[in-house]
Amino acid sequence: VLLVSAFTLVIAVRLLPYHSVLNAGDVVLSSNDPYYYRVLVEEAVRQSNGPLDVGTLSNAELMDADGEPLLVAVLWFVSSVLGGESTTGAVFAWYPVVAGTTSAVFVYLTSQKLSNNYLVGVAAVGFLAVTPVHAFRTGFGFADHHALDYVWLSLTALALVAQTTHEQDGIDPFWNGTLAIAIAAQVLTWDNSPLVLLPLGMYALVRVLSTV
(Lines give C-alpha, C1' and ligand atoms only; values in the text may rest on other atoms or scores of the structure.)
Protein backbone atom coordinates (compact mmCIF):
# COMPACT_ATOMS: atom_id res chain seq x y z
CA VAL A 1 0.00 0.00 0.00
CA LEU A 2 2.83 2.40 0.86
CA LEU A 3 4.66 1.69 -2.38
CA VAL A 4 1.55 2.07 -4.52
CA SER A 5 0.77 5.33 -2.71
CA ALA A 6 4.27 6.65 -3.37
CA PHE A 7 4.06 5.91 -7.10
CA THR A 8 0.54 7.32 -7.23
CA LEU A 9 1.96 10.53 -5.80
CA VAL A 10 4.67 10.55 -8.48
CA ILE A 11 2.07 10.32 -11.24
CA ALA A 12 -0.41 12.72 -9.62
CA VAL A 13 2.16 15.52 -9.23
CA ARG A 14 3.24 15.14 -12.85
CA LEU A 15 -0.34 15.35 -14.08
CA LEU A 16 -0.96 18.76 -12.51
CA PRO A 17 -0.59 20.59 -15.88
CA TYR A 18 -3.04 18.17 -17.55
CA HIS A 19 -5.78 20.68 -18.35
CA SER A 20 -3.29 23.29 -19.54
CA VAL A 21 -1.63 20.89 -21.96
CA LEU A 22 -4.84 19.39 -23.33
CA ASN A 23 -6.50 22.57 -24.54
CA ALA A 24 -9.65 22.37 -26.67
CA GLY A 25 -8.59 19.04 -28.11
CA ASP A 26 -5.08 20.21 -28.96
CA VAL A 27 -1.84 19.25 -27.21
CA VAL A 28 -0.09 22.43 -26.10
CA LEU A 29 3.40 21.46 -24.95
CA SER A 30 4.64 23.30 -21.87
CA SER A 31 8.02 24.32 -23.27
CA ASN A 32 9.43 25.64 -26.55
CA ASP A 33 12.16 23.10 -27.36
CA PRO A 34 9.85 20.05 -27.50
CA TYR A 35 8.18 21.51 -30.59
CA TYR A 36 11.46 21.05 -32.46
CA TYR A 37 11.47 17.36 -31.58
CA ARG A 38 7.79 17.07 -32.41
CA VAL A 39 8.38 18.38 -35.94
CA LEU A 40 11.19 15.83 -36.43
CA VAL A 41 9.11 12.95 -35.06
CA GLU A 42 6.05 13.83 -37.13
CA GLU A 43 8.18 14.03 -40.27
CA ALA A 44 9.83 10.69 -39.41
CA VAL A 45 6.40 9.09 -38.95
CA ARG A 46 5.25 10.46 -42.31
CA GLN A 47 8.32 9.16 -44.11
CA SER A 48 8.32 5.71 -42.53
CA ASN A 49 6.17 2.67 -43.24
CA GLY A 50 5.61 1.71 -39.64
CA PRO A 51 7.73 0.91 -36.58
CA LEU A 52 9.71 -1.79 -38.40
CA ASP A 53 10.94 0.63 -41.06
CA VAL A 54 14.32 1.10 -39.39
CA GLY A 55 15.65 2.74 -42.54
CA THR A 56 14.07 5.91 -41.19
CA LEU A 57 16.75 5.94 -38.49
CA SER A 58 19.42 6.42 -41.18
CA ASN A 59 17.96 9.79 -42.21
CA ALA A 60 20.62 12.16 -40.87
CA GLU A 61 18.36 15.23 -41.08
CA LEU A 62 15.71 13.62 -38.88
CA MET A 63 17.93 11.81 -36.43
CA ASP A 64 20.62 14.44 -35.86
CA ALA A 65 18.38 16.43 -33.50
CA ASP A 66 21.31 18.52 -32.26
CA GLY A 67 23.12 15.43 -31.01
CA GLU A 68 20.04 13.87 -29.39
CA PRO A 69 18.93 11.23 -31.92
CA LEU A 70 17.76 8.59 -29.45
CA LEU A 71 14.95 10.81 -28.13
CA VAL A 72 13.59 11.27 -31.66
CA ALA A 73 14.01 7.57 -32.44
CA VAL A 74 12.16 6.45 -29.29
CA LEU A 75 9.25 8.87 -29.77
CA TRP A 76 9.04 7.98 -33.47
CA PHE A 77 8.88 4.27 -32.65
CA VAL A 78 6.21 4.69 -29.96
CA SER A 79 4.12 6.98 -32.19
CA SER A 80 4.37 4.48 -35.06
CA VAL A 81 3.34 1.57 -32.84
CA LEU A 82 0.36 3.46 -31.42
CA GLY A 83 -1.07 4.53 -34.76
CA GLY A 84 1.12 7.01 -36.55
CA GLU A 85 0.97 10.78 -36.95
CA SER A 86 -2.41 11.16 -35.24
CA THR A 87 -0.96 9.87 -31.97
CA THR A 88 2.19 12.02 -31.90
CA GLY A 89 0.64 14.75 -29.76
CA ALA A 90 -0.54 12.30 -27.12
CA VAL A 91 2.82 10.53 -27.13
CA PHE A 92 4.63 13.82 -26.52
CA ALA A 93 2.23 14.73 -23.71
CA TRP A 94 2.48 11.41 -21.87
CA TYR A 95 6.13 10.52 -22.52
CA PRO A 96 7.54 12.66 -19.66
CA VAL A 97 5.14 11.12 -17.14
CA VAL A 98 6.06 7.58 -18.20
CA ALA A 99 9.77 8.41 -18.15
CA GLY A 100 9.48 10.10 -14.75
CA THR A 101 7.68 7.10 -13.29
CA THR A 102 10.27 4.74 -14.79
CA SER A 103 13.10 6.71 -13.20
CA ALA A 104 11.21 6.52 -9.89
CA VAL A 105 11.22 2.72 -10.21
CA PHE A 106 15.00 2.75 -10.64
CA VAL A 107 15.37 5.12 -7.67
CA TYR A 108 13.31 2.72 -5.55
CA LEU A 109 15.45 -0.27 -6.56
CA THR A 110 18.68 1.65 -5.95
CA SER A 111 17.57 2.82 -2.50
CA GLN A 112 16.35 -0.63 -1.59
CA LYS A 113 19.67 -2.20 -2.63
CA LEU A 114 21.67 0.37 -0.68
CA SER A 115 19.64 0.03 2.50
CA ASN A 116 18.19 -3.48 2.19
CA ASN A 117 14.98 -1.89 3.49
CA TYR A 118 11.94 -1.39 1.27
CA LEU A 119 10.71 1.45 3.48
CA VAL A 120 13.78 3.48 2.54
CA GLY A 121 12.91 2.83 -1.10
CA VAL A 122 9.34 4.01 -0.52
CA ALA A 123 10.62 7.17 1.18
CA ALA A 124 13.00 7.82 -1.73
CA VAL A 125 10.14 7.58 -4.22
CA GLY A 126 8.03 9.88 -2.07
CA PHE A 127 10.76 12.52 -1.93
CA LEU A 128 11.39 12.19 -5.67
CA ALA A 129 7.68 12.68 -6.32
CA VAL A 130 7.83 16.22 -4.91
CA THR A 131 11.38 17.17 -5.93
CA PRO A 132 10.64 20.35 -7.93
CA VAL A 133 13.12 20.03 -10.79
CA HIS A 134 12.27 16.37 -11.43
CA ALA A 135 8.53 16.96 -11.16
CA PHE A 136 8.72 19.93 -13.53
CA ARG A 137 10.88 18.29 -16.19
CA THR A 138 8.88 15.06 -16.15
CA GLY A 139 5.54 16.85 -15.98
CA PHE A 140 2.71 16.19 -18.41
CA GLY A 141 3.52 17.93 -21.69
CA PHE A 142 7.16 18.85 -20.90
CA ALA A 143 8.45 16.64 -23.71
CA ASP A 144 12.10 17.71 -23.75
CA HIS A 145 15.07 15.35 -23.52
CA HIS A 146 15.34 15.77 -19.73
CA ALA A 147 12.75 13.13 -18.85
CA LEU A 148 14.59 10.46 -20.86
CA ASP A 149 17.88 11.66 -19.35
CA TYR A 150 16.53 10.86 -15.89
CA VAL A 151 15.73 7.31 -16.99
CA TRP A 152 19.31 6.64 -18.12
CA LEU A 153 20.89 8.45 -15.15
CA SER A 154 18.83 6.52 -12.61
CA LEU A 155 19.49 3.25 -14.45
CA THR A 156 23.23 4.02 -14.47
CA ALA A 157 23.13 4.62 -10.72
CA LEU A 158 21.21 1.39 -10.17
CA ALA A 159 23.71 -0.61 -12.25
CA LEU A 160 26.68 0.86 -10.35
CA VAL A 161 25.10 0.12 -6.98
CA ALA A 162 24.16 -3.41 -8.09
CA GLN A 163 27.72 -4.03 -9.28
CA THR A 164 29.09 -2.98 -5.91
CA THR A 165 26.52 -5.14 -4.11
CA HIS A 166 27.46 -8.21 -6.14
CA GLU A 167 31.22 -7.69 -6.32
CA GLN A 168 31.70 -10.40 -3.68
CA ASP A 169 30.40 -12.89 -6.27
CA GLY A 170 32.64 -11.63 -9.07
CA ILE A 171 31.66 -9.81 -12.26
CA ASP A 172 27.94 -9.75 -12.98
CA PRO A 173 27.41 -9.77 -16.78
CA PHE A 174 23.81 -8.57 -16.48
CA TRP A 175 24.62 -5.40 -14.57
CA ASN A 176 27.75 -4.77 -16.63
CA GLY A 177 25.62 -4.95 -19.77
CA THR A 178 22.95 -2.75 -18.19
CA LEU A 179 25.56 -0.14 -17.31
CA ALA A 180 26.94 -0.16 -20.85
CA ILE A 181 23.47 0.26 -22.37
CA ALA A 182 22.56 3.06 -19.96
CA ILE A 183 25.74 5.03 -20.67
CA ALA A 184 25.43 4.58 -24.44
CA ALA A 185 21.76 5.59 -24.36
CA GLN A 186 22.54 8.66 -22.26
CA VAL A 187 25.20 9.81 -24.72
CA LEU A 188 22.68 9.49 -27.58
CA THR A 189 19.90 11.27 -25.68
CA TRP A 190 21.61 14.50 -24.63
CA ASP A 191 24.27 16.42 -26.54
CA ASN A 192 26.08 17.41 -23.33
CA SER A 193 25.98 13.91 -21.87
CA PRO A 194 29.78 13.42 -22.10
CA LEU A 195 29.75 15.38 -18.83
CA VAL A 196 28.34 12.21 -17.28
CA LEU A 197 31.46 10.32 -18.25
CA LEU A 198 33.66 12.42 -15.94
CA PRO A 199 32.16 11.19 -12.63
CA LEU A 200 31.94 7.67 -14.09
CA GLY A 201 35.66 7.79 -14.87
CA MET A 202 36.38 8.95 -11.33
CA TYR A 203 34.21 6.13 -9.99
CA ALA A 204 36.07 3.57 -12.10
CA LEU A 205 39.43 4.79 -10.77
CA VAL A 206 38.31 4.66 -7.14
CA ARG A 207 36.62 1.28 -7.70
CA VAL A 208 39.83 -0.23 -9.10
CA LEU A 209 41.93 1.11 -6.22
CA SER A 210 39.34 -0.10 -3.72
CA THR A 211 39.24 -3.57 -5.27
CA VAL A 212 43.05 -3.85 -5.24
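The values are calculated or read from the model by the stated rules, or taken from the named source; none is laboratory data. Since we're looking at a predicted model, the values are computed, not measured. All Cβ positions, even for glycine, are placed from backbone atoms using ideal geometry, and neighbour counts span all protein chains on display. These accessible areas exclude ligands, DNA and RNA; they are computed on the full protein's heavy atoms, side chains included. Shrake-Rupley method; radii C 1.70, N 1.55, O 1.52, S 1.80 Å.
Within the stretch 124-140, residues that are free of Cβ contacts under 8 Å to residues at least 12 places away in the same chain have Cβ atoms under 7 Å from residues that are surrounded by 13 or more Cβ atoms within 10 Å (Cβ to Cβ) and part of a loop (DSSP other than H, G, I, E, B) in these pairs: F136/F142, counting only partners at least 6 apart in sequence or on another chain. Return a yes/no flag: does the stretch 110-123 have any residue that is in contact with a Leu (Cβ under 6 Å, 6 or more places away or on another chain) and closer than 20 Å to Q186 by Cα. Yes, the stretch 110-123 contains at least one residue that is in contact with a Leu (Cβ under 6 Å, 6 or more places away or on another chain) and closer than 20 Å to Q186 by Cα. Elements of the type helices (runs of 4 or more DSSP H) sitting completely within the stretch 109-212 and holding at least 3 residues that are surrounded by 13 or more Cβ atoms within 10 Å (Cβ to Cβ), of a type outside the set (S, T, Y) and over 18 Å from the mean Cα position of the chain (by Cα): these cover 118-129, 146-166. Only a single item in (1) open to solvent by less than 60 Å² (accessible area, probe 1.4 Å); (2) not in a helix (DSSP H, G or I) is not met by F92, and it is number (2).
What are the residues in the stretch 47-69 that are buried (at least 20 other Cβ atoms within 10 Å of the Cβ) and either more than 22 Å from A147 (Cβ to Cβ) or at pLDDT 90 or above (or both), if any? Result: S48, T56.
Taking P194, is it at pLDDT below 95 and touching a helix residue (DSSP H, G or I) at 6+ places or on another chain (Cβ under 8 Å)? So P194 passes the test.
Among the residues of the stretch 74-89, those identified as assigned to a helix (DSSP H, G or I) and either buried (at least 23 other Cβ atoms within 10 Å of the Cβ) or without any contact (Cβ under 8 Å) to a residue 60 or more places away in the chain (or both) are L75, W76, F77, V78, S79, S80, V81, L82, E85, S86, T87, T88.
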